[in-house]
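Colleague: Submitted below is the structure of interest, expressed as structure tokens.
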Amino acid sequence: MLTNYIKIAWKVLLRHPFYTFITLFGISLTLTVLMVLTSFLDHLFGSHYPETKRDRSLYVMQMRTQDSTRTGSSSGPMSFKFLTEYAKSLKTAERVTICTFVNSSNAYVGSQKIKLNTKYTDADFWEVTEFDFLEGKPYNEQNIANSDLVVVITDDFKKQYFGNVAESVIGKDVEIESIHYRVIGVVRGSPVTRPFTYADVYYPYTTPKSNYQRTGMRGGYVAILLAKKTSDLKTVRDEFQSHIARIPLPGVEDGYKYAYVEVKSEPYVENFVGTLNGNKGLKTVFFGIIAFIMLMLIGLPAINLVNVNVSRIMERASEIGIRKAFGAPVRTLMWQFIIENIFITLIGGGIALVLTLIVIQLINSSGIIAYADLTINLNVFLVSLLVCLVFGLLSGVLPALRMSKLKIAEALKS
Amino acid sequence: MIRHLFKLIWNKKKAHSLLLVEIWASFLVLFGLTSLIVYNVRNYREPLGFEYQNAWAISLKSNEDTTELAQKIEMILQRVKAYPEVESASRMSNNFPFSQSSRNNGIDYNKKHVLADFYVTDENYAKTMVIPVVEGHWYRSADSVGKYSPVVINRKLKEELFGDEKPVGKIISERFKVTGVVNTFKSKGEFMVDKPALFELVDAKSPWDDLLMIRVKPGTDAVFEAKMVKAITTMVAGWSVEVDHLTDSRKTTHNLTLVPVIIFLIVSGFLLINVALGLFGVLNLSIAKRRGEIGLRRALGATGNGISQQFISEILVLATFALLIGLLFAMQFPLMNVFDIQAGIYLTAIAISVVVIYGIVTLCALFPSRLAARIQPAVALHEE
């Protein structure tokens, strides 16, 4: 039966190329946009290189202090000392890394200027993340204890600084802001959309200008807490909060008297959404607009499709009339049309998949996002398939209802 | 005629309701898109207020060095000024043009309260950034006498605080004395809305405000930059020095505005093409269904033009209904002052959207209605 329905749908498609074009254009366009969007969200939030352990990581990005009346607040990253005391000491976590957020700097080669992003990290950084080392190795506790002037650089920076050389640059000298560092490792770079791991040059935190000696609570450092397994996340979180609760209150920092301190350790998505803004009203507006745009994006082509399908009802009046005259119930007819519609949607989905691959390829190679690695993985594909089905149902039910409700006599008359 | 058209549409309201929804939704999408574009174009047309070419920002960070910061910054400034490649140099707070950081504060005058962007700069800033002063003069270090510190405001702040009054010499917020007025100052780039801004004289003894803005001679390259950075880092060991060319920073800030607009434009463009194709298909089918009616009208003497006019007016009336419903929604934006955007921007956007929708609808109806006009009465009636 199913093959019959699909055969009929195929014939209907071939009958009027123009309408087929309208239908497939609408479907594949919508699905392409949705697929690229899911792929991008997956790129932003999924566990990808080098943060492959993101699903069992908690991110500590900000400390928020408030005065006793809770009128003003101040927030920002923390000091190395504070994180060592309150985060590094966690017992339930597998590992904890402390690093700076992205800083920027310049390097000069001949008459060339290279803009670069830098990051000061501890040795655990290389365990919590999974960078591909193309050359050499990461710095270890020994390098840090000795305050060695060593750096790990990305392949991109290597190309810019040393030119297009094939041989290894391990042991070579890099001069940044008048300090000479020895290259100890070369990694494949991380995309700029992952600020916790993105940089061009990674220094051990004991090198100059890292400000790890700062004694207050605030500074330039953030932390990633890695749990042993996903189900441990809550335990780690609770332990971290119990540490935070030990901070003596009230206190003074840089002349600011605070009575409340809040430091959150959150999974990546929550952390990201949290940074958008603390303001609840604005957040609702923001998500409201996104929801509205999505609704329009799926809604408009769906309405369009319903419109075209409903208008073309009469084309198939004789077929429906005959089937009804031979006793086909409304439900069977409805299912036939819905299945047909889903079939067409899936064809559109196939086209969309190809288009998405092209668009993703364009985005990855255009260099808008350095090291962009948008992909269609299983998750993205399943979400897209689900969207296809919903879209097919959405645009198929009303025409099917109209078609199956046609009067036999009227249908046969034409 | 119009009443007749209404009746025709009303009689087929069920079939038309979907078309109505479609046109309504397209209008809303278009309204969103045009609001965004009109808003940005309008901002773009206001002058920037300064010159970014050949201007460099040097960010200094003292790191763990805590002694005599103000003197050291002053020393670096003098050193940088001494280079023949540097035309002019000045010291300011870290919210330099096109940077990501910003700073604002409330300003009071005569019971009016305005939130303004604050820039702490020295006396050479106007010269370095080439900011024309339209009233009064840019402050000098010598102006800092008594308890009032000299400030320069932009035209927007002047309008909001003083209206038609002359601002020069007035005291605002009980601690600032206005010495001059500049035109516009859009520090976040051409697409930034012209906001109230205030420039305050930097305190030479403060350890903050450690950013140097310099204007170099055209053609100065990275070799000089490397030399300068090296000189600074040897003067103050342990400090971080970073140089930003404003032309580069400007590109980054522009992309932040333009990329979302372009994505939105492409997606909405495809949506509208999709809707137009669908509309065209539906009209084609509905006219094919009304061959009998057309044949009868032709037989009774209606001209081909008359027929095509009828179909076009029908769809225009339908579009008007949809637009009226759409306007109910769209008008809420200027009325409720959503996002604090001027009502004029929304109204322009509404006007453009209405025109574009009418245009699309007419275009879609044109071909099917010409087809209808060519129907021969004899053929059509014969089929009946």
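The values are calculated or read from the model by the stated rules, or taken from the named source; none is laboratory data. The shown structure was predicted, so the numbers you read here are calculated from the model rather than taken from an experiment. Here Cβ is always computed from backbone atoms with ideal geometry, including for glycine, and neighbour counts include all displayed protein chains.
Colleague: Would you tally the residues in segment A:35-79 being among the hydroxyl-bearing types (S, T, Y) and under 16 Å from the mean Cα position of the chain (by Cα)?
Modeller: Residues in segment A:35-79 being among the hydroxyl-bearing types (S, T, Y) and under 16 Å from the mean Cα position of the chain (by Cα): 7 in total.
Colleague: Right, another one. Surrounded by 19 or more Cβ atoms within 10 Å (Cβ to Cβ), of a type in the set (A, V, I, L, M), more than 28 Å from B:L265 (Cβ to Cβ) and touching a Pro at 6+ places or on another chain (Cβ under 6 Å): which single residue out of B:I287, B:I307, B:I294 fits that description?
Modeller: B:I287
Colleague: If we keep just the residues of segment A:12-22 that are crowded, with 17+ Cβ neighbours inside 10 Å and more than 9 Å from chain B (Cβ to nearest Cβ), which is farthest from A:L353 (Cα to Cα)?
Modeller: A:V12
Colleague: All but one of (1) basic (K, R); (2) within 12 Å of chain A (Cβ to nearest Cβ); (3) in contact (Cβ under 8 Å) with a residue 24 or more places away in the chain hold for B:K230, so report the exception by its number.
Modeller: (3)
Colleague: Continuing with the same structure: Quick one: count up the residues across segment B:266-317 that are of a type in the set (A, V, I, L, M) and not in a helix (DSSP H, G or I).
Modeller: The total comes to 2.
Colleague: When you check B:I287 against the structure, is it out of contact with any helix residue (DSSP H, G or I) (no Cβ under 8 Å at 6 or more places or on another chain) and either among the β-branched types (V, I, T) or at pLDDT 90 or above (or both), yes or no?
Modeller: no
Colleague: Which ones in segment A:309-356 are under 16 Å from A:A9 (Cα atoms) and of a type in the set (F, W, Y)?
Modeller: A:W335, A:F337, A:F343
Colleague: Show the residue pairs that are 6+ apart or on different chains and have beta-carbon atoms under 6 Å apart, the first residue being within segment A:165-188 and in contact (Cβ under 8 Å) with a residue 60 or more places away in the chain, the second being in a loop (DSSP other than H, G, I, E, B) and surrounded by 13 or more Cβ atoms within 10 Å (Cβ to Cβ).
Modeller: These pairs meet every condition: A:V187/A:F131.
Colleague: For segment A:220-237, which residues satisfy the criterion of being over 19 Å from A:E127 (Cβ atoms) and either touching a residue at least 24 places away in the same chain (Cβ under 8 Å) or buried (at least 20 other Cβ atoms within 10 Å of the Cβ) (or both)?
Modeller: A:G220, A:T235, A:R237 - these are the residues of segment A:220-237 that are over 19 Å from A:E127 (Cβ atoms) and either touching a residue at least 24 places away in the same chain (Cβ under 8 Å) or buried (at least 20 other Cβ atoms within 10 Å of the Cβ) (or both).
Colleague: Please work out if B:F333 is part of a helix (DSSP H, G or I), aromatic (F, W, Y) and farther than 22 Å from B:F6 by Cβ.
Modeller: Considered against the rule, which asks whether it is part of a helix (DSSP H, G or I), aromatic (F, W, Y) and farther than 22 Å from B:F6 by Cβ, B:F333 comes out as yes.
Colleague: In segment B:77-134, which strands (runs of 3 or more DSSP E) lie fully inside it and hold 3 or more residues that are small (G, A, S), under 30 Å from B:N255 (Cα atoms) and modelled with pLDDT of 90 or more?
Modeller: B:86-92
Colleague: Let me ask another. What residue, of A:M1, A:M35, A:M78, is away from every other protein chain (no Cβ under 14 Å) and under 30 Å from A:I338 (Cβ atoms)?
Modeller: A:M1
Colleague: Give segment B:248-303 a look and list any residue that's under 21 Å from B:V354 (Cα atoms), more than 10 Å from chain A (Cβ to nearest Cβ) and in contact (Cβ under 8 Å) with a residue 40 or more places away in the chain, or say none.
Modeller: Result: B:V261, B:L265.
Colleague: Return the residues of segment B:1-11 that are under 11 Å from B:L318 (Cα atoms) and free of Cβ contacts under 8 Å to residues at least 60 places away in the same chain; say none if nothing qualifies.
Modeller: Result: B:W10, single match.
Colleague: Right, here's the next one. Mind counting the residues in segment B:21-69 that are surrounded by 20 or more Cβ atoms within 10 Å (Cβ to Cβ), of a type in the set (A, V, I, L, M) and assigned to a helix (DSSP H, G or I)?
Modeller: 6
Colleague: Kindly indicate which of A:G327, A:G350 is under 17 Å from A:T38 (Cα atoms), of a type in the set (G, A, S) and surrounded by fewer than 17 Cβ atoms within 10 Å (Cβ to Cβ).
Modeller: Result of the check over A:G327, A:G350: A:G350.
Colleague: Which members of segment B:125-136 meet the condition of being under 17 Å from B:I172 (Cα atoms) and either exposed (fewer than 14 other Cβ atoms within 10 Å of the Cβ) or of a type in the set (F, W, Y) (or both)?
Modeller: none
For every residue, the table says whether it meets (1) within 24 Å of B:H245 (Cα to Cα); (2) more than 14 Å from chain B (Cβ to nearest Cβ).
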position: A:F82; (1), (2): no, yes
position: A:K91; (1), (2): no, yes
position: A:T97; (1), (2): no, yes
position: A:T100; (1), (2): no, no
position: A:S104; (1), (2): yes, no
position: A:G110; (1), (2): yes, no
position: A:K115; (1), (2): yes, no
position: A:W126; (1), (2): no, yes
position: A:E130; (1), (2): no, yes
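Colleague: Only one of these is without any contact (Cβ under 8 Å) to a residue 60 or more places away in the chain, in contact with a helix residue (DSSP H, G or I) (Cβ under 7 Å, 6 or more places away or on another chain) and within 14 Å of chain A (Cβ to nearest Cβ): B:L30, B:L18, B:L60. Name it.
Modeller: That would be B:L18, the only listed residue that is without any contact (Cβ under 8 Å) to a residue 60 or more places away in the chain, in contact with a helix residue (DSSP H, G or I) (Cβ under 7 Å, 6 or more places away or on another chain) and within 14 Å of chain A (Cβ to nearest Cβ).
Colleague: Looking at segment A:247-265, can you tell me whether even one residue there is more than 29 Å from B:K61 (Cβ to Cβ) and acidic (D, E)?
Modeller: Looking through segment A:247-265, none of the residues is more than 29 Å from B:K61 (Cβ to Cβ) and acidic (D, E).
Colleague: Another one. Just to be sure before I move on: is A:F125 touching a residue at least 24 places away in the same chain (Cβ under 8 Å) and among the hydrophobic types (A, V, I, L, M, F, W, C) in the structure I sent?
Modeller: The answer is yes for A:F125.
Colleague: Just need a number here: residues in segment B:142-168 that are surrounded by fewer than 22 Cβ atoms within 10 Å (Cβ to Cβ), among the polar types (S, T, N, Q) and modelled with pLDDT of 85 or more.
Modeller: 1
Colleague: List the pairs whose first member sits in segment A:191-219 and is over 19 Å from A:D173 (Cβ atoms) and within 11 Å of chain B (Cβ to nearest Cβ), whose second member is among the aromatic types (F, W, Y) and assigned to a loop (DSSP other than H, G, I, E, B), and whose Cβ atoms are under 6 Å apart, counting only residues at least 6 apart or on separate chains?
Modeller: The qualifying pairs are A:Y212/A:Y205.
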